[in-house]
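Student: Quick one: this structure, given as structure tokens, is what I'll be asking you about.
Every read-out reported here was derived from the displayed coordinates using simple, explicitly stated rules and does not represent laboratory data. Everything quoted here is computed from the prediction, not taken from an experiment. Cβ placement follows ideal geometry from the backbone for every residue including glycine, while neighbour counts extend to all protein chains displayed.
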Amino acid sequence: MTPQSTAAAAQLLFDARKAHRQDVKLSDALVPRDSAEALAIQQRVGTILGLPIGAWKCSVPTAEKPSILAPIFAPTVRRDSPCPIALYRGAARVEPEVAFEMGKDLPARRRPYSDGEIRSAIGETRLVLELIGARYPDQTAVSFPELLADGIANQGLFVGPAVAAALDKPLEAFAITVDSPQGRVVARDGKHPDGHPLRPLLWLANFLASGGYAGVDGLKAGQVVTTGSYCGVLEVPLDTKLSVLYGELGTLAVEFTLKT
């Protein structure tokens with residue numbers, strides 16, 4: 001892609017993001033062909049937004065998807081309820097995840113961080129809900145590079161309670177239930193897509209520290225790293241007090257309101 005094509009694609013995605021629209025259809029000339037082109041568009045959107053990064057989403061890369069990450073901008077990281085959410089295809093959509101709030105910086109350096117160094121930089125392990133909403137009419141109908149360019153369908157993050165001694169507990173799989181005053185909304189058997197939520201964090205910390213993301217020189221204290229849904233996307237009601245149970249790890253309480 002030319003710099004002009006990168007800028008044009010980013011502007012379309014930025015405009016849709018700001019207006020909470022899901023109507024972007026990139027022309028052939030603006031569709032990223034690989035992860036490198038997709039990340040260039042993603043980074044350009046961040047530059048136009050001009051907002052600090054409050055969190056990251058990531059997964060362990062594969063041969064077909066060598067980079068799976070996106071920034072989550074600070075104003076869209078919420079800890080208070082009610083939490084505004086934009087509807088996507090007519091529904092409020094979330095993903096239950098386990099995230100790590102960094103207690104220390106992991107700045108850029110040539111030598112990779114060891115697993116122990118990254119673990120020791122974790123401040124808290126938290127229950128979170130990723131807020132889902134792509135800028136495309138149907139995120140399942142676009143290529144992965146297109147999805148990556150759009151921040152992998154992220155619209156924000158709701159950060160819930162910390163889990164005491166979380167890394168000593170089984171984080172690979174547990175039941176997910178969502179309850180409301182009217183009864184049970186969802187019940188799923190949850191399983192982490194990468195086997196354990198630490199695995200994506202270990203990759204992201206070294207990817208950012210190695211200069212893999214333009215303009216970013218490593219993870220910062222206070223940033224939250226969320227690592228993949230235990231049960232895919234859930235549709236939840238608005239204006240309803242919800243209780244999300246993560247097996248025996250704990251409960252996240254939230255109410256969603258329509259974002260305007």
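Student: Sort out for me the Cα centre separation of segment 198-260 from segment 140-162, rounded to whole Å.
Tutor: For segment 198-260 versus segment 140-162, the Cα centre distance is 10 Å.
Student: How much length would be gained if the chain were fully extended between ALA19 and SER81, taking 0.36 nm per residue of separation minus their Cα-Cα distance, in nm to one decimal?
Tutor: In short, 20.1 nm is gained.
Student: Name the residue, out of PHE100, PHE207, PHE158, whose mean-square fluctuation peaks in a Gaussian network model built on the chain with Cα pairs under 10 Å.
Tutor: The residue that fluctuates most here is PHE207.
Student: Quote the charge dipole size of segment 127-250 about the Cα centre in Debye, to the nearest 20; the model charges only the Cβ of Lys and Arg (+1) and of Asp and Glu (-1).
Tutor: About 180 debye.
Student: Evaluate E = 1/(1 + (r/R0)^6) for THR260 and ARG109, where r is the Cβ-Cβ distance and R0 equals 51 Å; express this FRET efficiency to the nearest 0.05.
Tutor: Rounded to the nearest 0.05, the efficiency is 0.70.
Student: Once label points are set 7 Å from the Cα along Cα→Cβ at both ALA141 and ALA214, what is their separation, rounded to one decimal in nm?
Tutor: Result for the modelled spin labels: 3.0 nm.
Student: Given Cβ point charges of +1 (Lys, Arg) and -1 (Asp, Glu) and nothing else, what value in debye, to the nearest 20, does the dipole of the chain about its Cα centre take?
Tutor: 380 debye
Student: Follow-up. Considering the values (1) 46, 22, 20; (2) 27, 24, 15; (3) 28, 20, 16, which represents semi-axes √(5λ) of the Cα gyration tensor in Å as calculated for the structure under consideration?
Tutor: Computing semi-axes √(5λ) of the Cα gyration tensor in Å and matching it to (1) 46, 22, 20; (2) 27, 24, 15; (3) 28, 20, 16 gives (2).
Student: What are the lysines whose alpha-carbon lies under 25 Å from the alpha-carbon of LYS25, with same-chain residues fewer than 8 places away excluded?
Tutor: Straight-line reach from LYS25, under 25 Å: LYS57, LYS65, LYS259.
Student: Taking 0.36 nm per intervening residue step and subtracting the Cα-Cα distance, what contour gain separates GLU172 from ASP28 on full extension?
Tutor: Full extension from GLU172 to ASP28 adds 47.8 nm.
Student: Kindly provide the GluC sites (Glu not before Pro) of segment 113-177 that DSSP labels as loop, not H, G, I, E or B, and whose Cβ sees at most 13 other Cβ atoms within 10 Å.
Tutor: Here the GluC sites (Glu not before Pro) that fit, given the DSSP loop and packing criteria, are GLU172.
Student: How large is the dipole of segment 1-154 about the Cα centre if only Lys and Arg carry +1 and Asp and Glu carry -1, each at its Cβ, rounded to the nearest 20 debye?
Tutor: Dipole of segment 1-154, to the nearest 20 debye: 280 debye.
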